[in-house]
Amino acid sequence: MMQDLEHENYILNSILKSSPSSENFSYEEYRKFSPAYYSDLKEQLLDEYHGKELTDIEGSKIIDTPYGDTLQIVNKRRIDFNLLENNFKNQMNHNLKLLPKIGIKTEENLKKQGFNTIESLLNHDSHKNNARDFLESIDSMSFSEIIDLLNRNKYGKACKDNLIKCISIPDVENFKFMDIETLGLSNVPIILIGVAEIKGNNIVSSQYFLRDLDEEPAVLKAYFSHLDEDSVHVTFNGKTFDVPFIRNRLNYHRVNVDFNLAHLDLMYFAKYLWRDDLPNCQLQTIEKYKFGIERVDDVPGQYIPGYYNTYLSQKNIGPMIPIIEHNRQDIVSLADFLMKMYEEVNYE
């Protein structure tokens with residue numbers, strides 16, 4: 001392995017010397033794209049954590065679920081998660097486009113006639129019935145129903161802003177900042193589920209780790225103990241990946257759970273708000289440029305299956321330590337993202 005690493009170091013140094021743009025990259029950055037770097041890192045972790053147990057991880061304990069035992073890892077840190085009141089339901093009253101048969105042009109014409117709110121349309125011959133139905137239902141609408149309504153009525157920047165402004169409606173304790181780590185892209189086990197929740201002045205992360213491949217139903221069930229009908233998933237690319245993946249694993253194990261929750265996928269918000277400001281809208285790019293967070297020895301997803309299989313075969317927790325930390329940082333970052341996005345559309 002050392003000979004392979006030295007050979008790769010030689011190649012990367014040659015690239016650095018010959019590249020016309022090499023001043024933009026450090027040797028260490030080039031090296032971290034190489035399989036040899038992550039092979040070397042894994043060996044270091046195996047040495048460092050030799051003889052350690054999963055329960056030696058801070059905040060860890062074995063918990064019981066209806067599907068058996070699993071490992072829970074809990075961490076807590078202070079957070080000033082404060083979404084200032086924006087009276088969003090009143091703002092909805094001024095968005096005539098939320099009613100059927102009213103688009104941008106029709107709204108403009110109605111406002112020229114003095115119909116500035118949905119409530120005022122109670123006096124309009126053509127729109128009064130729809131206005132009445134909306135006003136009667138708005139107070140009883142769930143957050144999921146409000147999200148669906150806003151998604152059906154996206155007519156430009158103001159409407160896209162509303163999808164972020166509306167997060168003032170749920171209680172902050174209902175936000176479930178979630179991320180999963182898997183053994184591949186489809187039809188393979190979930191090895192780690194993390195969920196972070198706002199509790200008072202703290203953000204509390206709970207992670208559930210697959211100690212062996214038979215434990216997946218227990219990991220899933222432990223995660224669902226955090227959810228109820230008022231929960232709101234907050235993810236990064238979770239609509240495309242995390243939530244469908246969990247549904248697939250639930251079906252595989254024939255676990256019947258109601259999983260139709262309100263969902264805020266911050267990847268779409270990030271692309272909308274920040275795509276012109278950042279090199280890309282990947283989660284760690286946002287951390288770096290918006291929050292000054294740079295991760296050390298973070299393990300990319302393509303190496304996770306190999307690290308996990310080494311953990312299983314060698315009974316050594318070392319390779320899983322950076323993956324557990326990666327997952328924890330992902331879910332905690334989502335809370336910071338959501339708060340900053342809310343501030344930008346409401347107050348900047």
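The values are calculated or read from the model by the stated rules, or taken from the named source; none is laboratory data. Since the model is a prediction, treat every value here as computed from it, not as a measurement. Glycine gets a Cβ as well: all are built from the backbone with ideal geometry, and neighbour counts include every protein chain shown.
Which of the residues spanning segment 77-93 are exposed (fewer than 13 other Cβ atoms within 10 Å of the Cβ) and at negative phi?
Scanning segment 77-93 gives Arg77, Arg78, Asp80, Asn82, Leu84, Glu85, Asn90.
Looking only at helices (runs of 4 or more DSSP H) that lie completely in segment 179-278, which have at least 2 residues being more than 26 Å from Pro305 (Cα to Cα) and of a type outside the set (Ser, Thr, Tyr)?
266-274
Is there any pair linking a residue in segment 227-247 that is under 17 Å from Asp171 (Cα atoms) to one that is assigned to a strand (DSSP E or B) and small (Gly, Ala, Ser), with Cβ under 6 Å and at least six apart or on different chains, and which?
From segment 227-247, the pairs are Val232/Ala262.
Regarding Leu96, is this residue of a type in the set (A, V, I, L, M, F, W, C) and exposed (fewer than 12 other Cβ atoms within 10 Å of the Cβ)? Reasoning before the result, please.
Working: of a type in the set (A, V, I, L, M, F, W, C): yes; exposed (fewer than 12 other Cβ atoms within 10 Å of the Cβ): no.
No: the conditions fail for Leu96.
If you take the residues of segment 225-266 that are among the charged types (D, E, K, R) and crowded, with 18+ Cβ neighbours inside 10 Å, which of them is farthest from Leu150 (Cα to Cα)? Let's see the steps before the verdict.
Residues of segment 225-266 that are among the charged types (D, E, K, R), as a first pass: 228-230, 239, 242, 247, 249, 254, 258, 265.
Subsequent filtering for residues that are crowded, with 18+ Cβ neighbours inside 10 Å retains 242, 249, 265.
Numbers: Asp242: 23, Arg249: 30, Asp265: 14 Å.
Restricting to residues being among the charged types (D, E, K, R) and crowded, with 18+ Cβ neighbours inside 10 Å, the top hit is Arg249.
Which condition does Leu121 not pass, out of (1) part of a strand (DSSP E or B); (2) in contact with a His (Cβ under 6 Å, 6 or more places away or on another chain), if it passes all the others?
(1)
Are any of the residues in segment 179-196 surrounded by 18 or more Cβ atoms within 10 Å (Cβ to Cβ), within 21 Å of Met341 (Cα to Cα) and among the polar types (S, T, N, Q)?
Among the residues of segment 179-196, not one is surrounded by 18 or more Cβ atoms within 10 Å (Cβ to Cβ), within 21 Å of Met341 (Cα to Cα) and among the polar types (S, T, N, Q), which makes the answer no.
Which residue out of Phe175, Phe269 is over 27 Å from Lys52 (Cβ atoms), in contact with a strand residue (DSSP E or B) (Cβ under 7 Å, 6 or more places away or on another chain) and surrounded by 19 or more Cβ atoms within 10 Å (Cβ to Cβ)?
After ruling out the rest, the residue left standing is Phe175.
Got a sec? Which of Lys42, Lys52 is of a type in the set (Lys, Arg) and either assigned by TED's automatic domain parsing to the domain that holds Asn256 or buried (at least 17 other Cβ atoms within 10 Å of the Cβ) (or both)?
Lys42
Could you figure out which of (1) surrounded by 12 or more Cβ atoms within 10 Å (Cβ to Cβ); (2) not in a loop (DSSP other than H, G, I, E, B) isn't true of Glu108?
For Glu108, the failing item is (1).
Starting from segment 86-114, take each residue that is under 21 Å from Asp139 (Cβ atoms) and list its partners that are surrounded by 12 or more Cβ atoms within 10 Å (Cβ to Cβ) and basic (Lys, Arg), counting only C-beta distances under 7 angstrom and pairs at least six apart or across chains.
Asn86/Lys165; Phe88/Lys165; Gln91/Lys165
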